[in-house]
Each structure stands twice: as structure tokens, then as C-alpha cells.
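All remarks here apply to the structure that follows.
The values are calculated or read from the model by the stated rules, or taken from the named source; none is laboratory data. None of the values given here were measured: they were computed from a predicted structure. Here Cβ is always computed from backbone atoms with ideal geometry, including for glycine, and neighbour counts include all displayed protein chains. Accessible surface is based on the protein model in full, side chains and every heavy atom, while ligands, DNA and RNA are left aside. Shrake-Rupley method; radii C 1.70, N 1.55, O 1.52, S 1.80 Å.
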2 protein chains.
Amino acid sequence: MERLATINDVAKIAGVSRQTVSRAINNKGEISLDTREQVLKVVQHLGYRPNRMAQGLVTQHTLTIGIIIPDISNPFFPEFARGVQDFAHQEEYNVFLCNTDGNPDEEVKALYSLAAQGVDGVILFTYQGSDDILKEFADKYHPVVVLNRYVEHPNIAVIMVNNYHGAKLAVEHLIERGHTNIAMLAGPDTSPSKVRQVKGFCDALTEHGLPVVAKWIISSLPLPTLTQGYQSAHQLLSKNPQITAIFAYNDLLAIGAIRACNELGYRVPTDCAIVGFDDIQLASMVTPSLTTIYVNKYTLGEQAMARLLNMINNPDSVSPSIYVDVELVVREST
Amino acid sequence: MERLATINDVAKIAGVSRQTVSRAINNKGEISLDTREQVLKVVQHLGYRPNRMAQGLVTQHTLTIGIIIPDISNPFFPEFARGVQDFAHQEEYNVFLCNTDGNPDEEVKALYSLAAQGVDGVILFTYQGSDDILKEFADKYHPVVVLNRYVEHPNIAVIMVNNYHGAKLAVEHLIERGHTNIAMLAGPDTSPSKVRQVKGFCDALTEHGLPVVAKWIISSLPLPTLTQGYQSAHQLLSKNPQITAIFAYNDLLAIGAIRACNELGYRVPTDCAIVGFDDIQLASMVTPSLTTIYVNKYTLGEQAMARLLNMINNPDSVSPSIYVDVELVVREST
DNA sequence: TAAAATGTCGTGAACGTTCACGAATGATCA
DNA sequence: TGATCATTCGTGAACGTTCACGACATTTTA
């Protein structure tokens, strides 16, 4: 591991000063075309690359950002992360990835670890902690893009998936198919998107003159996973045989519910129809394939990164909230 | 965004020098217990965190590493990445993630982008580029852990999944089930693990007195994806109806093959048995569920990170190659 | 023609931390 | 008692880069 070339090495060989080299590679400040070319030749020859830590120390910009998500193993997030990363790399940014398993303590740890690292901004998905901590962070450190949670702060941008509308689409689809006894596998109580989704679910029912049965709305704690969906659906259906349709907070819960149906001898969709949310890749691969609400996760990631970049480069601009819309995808499970 | 507290702020308030603060937080060098406690109180109070860029500039260590993989959307990699990340965070390291889509140019770009970023090391999965580039990188920059490819270099550690053995297990299982006409959906030609796997496949056949039919071994280019598996299997089975079993390079190819079977009216496993490789979560969720070769992806990630840490901390130690073994998991597809 | 303006480049300082060294204090020993 | 040692702490330098400013040569302007 030999020593890497520094800006001084380049300067010495090119016969100019550090500053001139800096001007040449950053393409700013006054420099003649001739010397610029000369310097760049030497840069090329030595394979010189500016040390990002030294740059970061003086400019207070590191060209890095962080993503904080519950779990990259959850099939929703890889696509989202790719959206962020592809956009980021295109803009010369590198990306840190942190998993929290939905644990608020871990979220805070990740937040401050990234701050000490010197990231230029953070993208935060399904934040469960307190607004105050987040606002304090945004005050003291860097811009933040938050997904699926509303936080009002000049240094925080919000992107919301339209869970409310998605839930309505799902329930209306089930009602069209003739279902009247519809249950819901809801998300974790701490999740704000869960609240909006439940509201859409209830509103759709009442708008069609159907009663809302509180006992048929089951929260999934701590995380909306396959086994959670399996257990909740199992309990729900064996206690309430009159239920003929289930709407789930996400596809994992829905797929768990399908398994529960199979085990209880319910046929999907004949005996019990099921609708998921997110349209992860798995949704079209299971049997029966899953009717669900499509969310463009990759684009969501790109948008989040675009917002963050905008905030980094224009610190004083306002960042209005964005709502991302969703679509119904009908498959075999309804 | 107010200015962050620096070591000098702490020093001033605590009434000591920078160096004493440094000694207190890094818990090294001689310092009395009293002053240490005093300093740490101030650190706590100010919420001081050492600036990693300043640290990195002088120590040449950044407490960051990079992972380079083809695609985090491929279900194999999230679990692997979590293994790396969990271990890394536990050791106070942060992790950069780069996707290359199997493109060698992107691999090199990622490698040098990470080097400029100042990572302490790199974990490289399914590297497709030339040995020379990698060796030059390991010479000039930092230690590298390479998976599923053999590269001899003092600054490069190698971890291999035992594809050869896995392929043998799969084929022997099919032969036990009475199959004699077995085809293979192989990986991309550029992948070294593909070569070892094909060898295991062929050896298993010949050891049991069965002929190897070259035409029945199909490479998947450029990437071993669902649609690749579907197309290859479709073509293979419609041209060669005598085939009764397929062994696939990975689970995605295998699941694509299941779909092709369904479409051609072949029943799995009655008309055509299928074995995959990797045991991704999806494998147990599809219908019929997939017999496959289990690889502990999370542990693989942990091991890779452990090797890398060891190389970072003990630059002169030798790093022998590791072989990670695999197991057969029998499910409905055979 | 002298003064002002422009274009090009270099120099010292700063970013926040650690390292190598040295200074001061008190304890220990012959 | 004077010398030696261990313990504890502080000071200047360095890491590699950019920023603010100034210097110089050349061109433009009054």
C-alpha cells in the first residue's frame, strides 16, 4: 500500500502551485486553458484523486448521504434503495445504508452515526421516533427527507405514499367483487401510514353503507412480516368465519394470510379474497398471485434523492410535501 | 444549521487541552480518572462527536468500508448485506453500498469511487473484471475480500461458496429420485462459481454412469434472472421432451423454470423435477415450493466483514481462503 | 502617458483531529 | 538531600484540501 498522490505532488510535477491544481480539477476560478490542460495531464498520469476527507474538512460537504430503513431484507426496500443509489451515483454521491429493524433507538443511533460521519443529508423511511429528535437533528445537522410521515420543519422534506387512496381502491375493488364482510391486517400502530390506510379502509366501507367492525382490524406488532400475517389471519378467520375478504397493510402480511387460508382449508379467492399493498416482486410469483396496490418504489427512491439534493444545494428553498399516487393491480387472489 | 461542537470547545469548557480531550474520548494515553470523568461530562453535555473527516485525515482510517454487488434487488444480496452491515455497525463501521449490474466497467468505477472516498476496505461479490485491476487496487489502496473468485494476493482474502459440492448434492438427489435425463440452467460464463458448479454437475453424472449432454447445459447471459430462467427452460423443454429434471444455478432461474413448466403443461415435480441454489426466501413461498441448496447468506456476510476487519487491523497477517459449505433442502419441486 | 481594470497565479491560513515530543509535578530511591 | 522515575498534561506540527487575499503582468481606459 504505497502512498497516494496528493495535490502537492501534482503541483510539483506540473510546476505550478496547489491552488492552480485545485482550480484545474474543480474547473473554477481563473485559470488559462493552457495551464489547465498541462495540469490535467499530470493528474491523469499520476492517477491523482482528491482526498475526500480533506475536501470535506474544509468545504463541509462530503458528497455522501445516508439512507435509514427498517430492513433491507424486506423486499420493499431494495428497489427503493436502488432508486436512491442510482440517482446518487449519477451525481457523484456515495450512499451509506443503515437498518434499524423498526427500533426507534437504532434510528437515533443511525442518525447520529451518519451525522458524525459527515453526510450531507439523510433519507429516512418509516421513522418511528419522536418529532422533536428529528427536528433537533435537522436544526443542528443536515437536511432530511422523510417518507410516510408528516413533520413540519424548514430543513425537512416530506414524501407520502397515498396510502389513503390505495386503501380505498382496494376496498372498493373487494366490494365490487361482492364482498361485504371485509377485515384488515393493519400495520404497526406506530406507523403513520398505517393510520392513513385504516382511515381509507373505514371511509370506503361507510361510503358504501357497510359497517366498520373494530375487531376485524388487527395491528401487526412489532413488524408487518410474513409470520405476523399468517398468525393474525389464522386467528381472525378461525374466530370469524363470516369474513370473506382481507385487505392487508403490505404484501408480506397478505402472503402470510394466503398461507393461513390454505392451512384452514379456505380457498383463495373463492372462500376468502385477499388484497395486499406495495406490489413487491414476490406478489406476482406466489400462488395464487396477489392482487395488490402498486407503488413505484424505484421512482420513490429517485424522488427522495432528488429532493435531498435540492435541499443540499439550495439550503433556503422551501420543500413542499409530495404525494405519490398508487394503482390497483388485479391478480388471482380476488 | 448551527456550528457543531469541536474538540476545542470541549477543551475550553473543561479547562484542559485538546490532547487531553482526545485522550479522554479515545481512552488511551495516560490520563487520570478524575480529569477523564470531567471531560466526558462536558462531552456529554455538548453532545460532542469527533469529526470523522478530521480523524480520517490524520489517522488514515475512516471506519468505513464498501460493498460492491451486482444488484441489491436480487433477493440473494440483502441478506448478505445485512450480515456485513450488522457486523460492521457493531464495530463502529459504516458501510457504502454499490450496485454494478454485473457490468465490469461499473465495478472498476465503484472500486475507485470508494478508494477516493477513503474506505478502509472493500468487499467484492461476483467480480467480473480482470485480476490485474483488482491486484493493482489492492496494492495501491486497501484490503479486499473477494467472494466466489480466486485471486492470489497478500492484500486480498478469498471466500468461496462450495458450489461444486452443492451441485453434486443436487444432482445426486435427482438421481436418487430416479431421474437420468437431467439438464442444467448454468450461470453467466464470466462467473467462476458457474464453472465450479458445472464441474460438480458433470462429475456427479459421470460418477453415476450417466452421460453428460453438452446441449443440455445452458448459460444465462447476462444475468441469472427470473425471465432468463423462464426463457431458457421454455426453449430447453420444448426442444428436448425427454428431459425430466433441471438443476439451476440459482433460485431465480429455477423459479423461472417452474413458470415455464406450468405454461408448457408440465407438472412439477411429476413431469419435471427442479432444484435451485441459494435458498432465498422466495424459494419456500412459491408453489410448488423449491428444493434447493441452502447457503447461509447472512453468515457469509458476517464472515466477509470479519475477514476484512482482520486484514485492516493486522495488515501483515496472511489470509487463507475459506470454503463455506452448503446443504440440500428438499421441498415440493422434486 | 499614467491610471485603472483585467487576467492569471501563488501564499498563508484554516478546517478538526492525532502524533511526537517535551514540561511539570510528585513519588521513590540511594 | 539530590537524582531518578512515573504520572499526567500541554504544545507545535502534520494530514490534504479550499478560501481569502495579494502579487504580478498585461490590457484597457481617460
Looking at the stretch A:14-36 only, could you name the residues that are within 12 Å of DNA strand C (Cβ to nearest atom), surrounded by 11 or more Cβ atoms within 10 Å (Cβ to Cβ) and not hydroxyl-bearing (Ser, Thr, Tyr)? A:Ala14, A:Gly15, A:Val16, A:Arg18, A:Gln19, A:Val21, A:Arg23, A:Ala24, A:Ile31, A:Arg36
Hey, A:Ala11 within 12 Å of DNA strand D (Cβ to nearest atom), open to solvent by less than 100 Å² (accessible area, probe 1.4 Å) and in a helix (DSSP H, G or I) or not: yes
Output for the stretch B:37-58, where each listed residue is within 11 Å of DNA strand D (Cβ to nearest atom) and either open to solvent by less than 50 Å² (accessible area, probe 1.4 Å) or at pLDDT below 90 (or both): B:Val39, B:Met53, B:Ala54, B:Gly56
Quick test for you: out of A:Thr20, A:Thr62, A:Thr35, pick the one residue that is of a type in the set (S, T, N, Q) and assigned to a loop (DSSP other than H, G, I, E, B). A:Thr62
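Suppose the filter is farther than 21 Å from A:Leu252 by Cβ and either outside any helix (DSSP H, G or I) or open to solvent by less than 30 Å² (accessible area, probe 1.4 Å) (or both); does B:Ala283 pass it?
No; evaluated as a whole, the condition is false for this residue.
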I'm trying to understand the selection: among the residues of the stretch B:286-302, which are open to solvent by 30 Å² or more (accessible area, probe 1.4 Å), under 22 Å from B:Lys194 (Cα atoms) and touching a residue at least 60 places away in the same chain (Cβ under 8 Å)? B:Tyr298, B:Thr299
Reported set for the stretch A:291-322 where residues are part of a loop (DSSP other than H, G, I, E, B) and at pLDDT below 95 is A:Asn314, A:Pro315, A:Asp316, A:Ser317, A:Val318, A:Ser319, A:Pro320, A:Ser321
Is it the case that the stretch A:62-72 has a residue that's more than 13 Å from DNA strand D (Cβ to nearest atom), polar (S, T, N, Q) and buried (at least 17 other Cβ atoms within 10 Å of the Cβ)? yes
Could you check, for the stretch B:90-104, whether at least one of its residues is surrounded by fewer than 23 Cβ atoms within 10 Å (Cβ to Cβ), part of a helix (DSSP H, G or I) and within 7 Å of chain A (Cβ to nearest Cβ)? no
Kindly indicate whether A:Val161 is touching a helix residue (DSSP H, G or I) at 6+ places or on another chain (Cβ under 6 Å), open to solvent by less than 20 Å² (accessible area, probe 1.4 Å) and not polar (S, T, N, Q). no
Could we say that B:Ile31 is within 10 Å of another protein chain (Cβ to nearest Cβ) and among the β-branched types (Val, Ile, Thr) here? no
Quick one: A:Ala116 ticks every box in (1) touching a helix residue (DSSP H, G or I) at 6+ places or on another chain (Cβ under 7 Å); (2) touching a residue at least 40 places away in the same chain (Cβ under 8 Å); (3) open to solvent by less than 40 Å² (accessible area, probe 1.4 Å) bar one, so which box is it? (2)
Given (1) open to solvent by less than 10 Å² (accessible area, probe 1.4 Å); (2) away from every other protein chain (no Cβ under 14 Å), number of the condition B:Val318 does not satisfy: (1)
Give the number of residues within the stretch A:74-90 that are closer than 30 Å to A:Met285 by Cβ and over 13 Å from the mean Cα position of the chain (by Cα). 4
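Please tell me if A:Gln85 is farther than 24 Å from B:Gln60 by Cβ, modelled with pLDDT of 90 or more, part of a helix (DSSP H, G or I) and within 16 Å of DNA strand D (Cβ to nearest atom).
Working: farther than 24 Å from B:Gln60 by Cβ: yes; modelled with pLDDT of 90 or more: yes; part of a helix (DSSP H, G or I): yes; within 16 Å of DNA strand D (Cβ to nearest atom): no.
So A:Gln85 does not fit the description; no.
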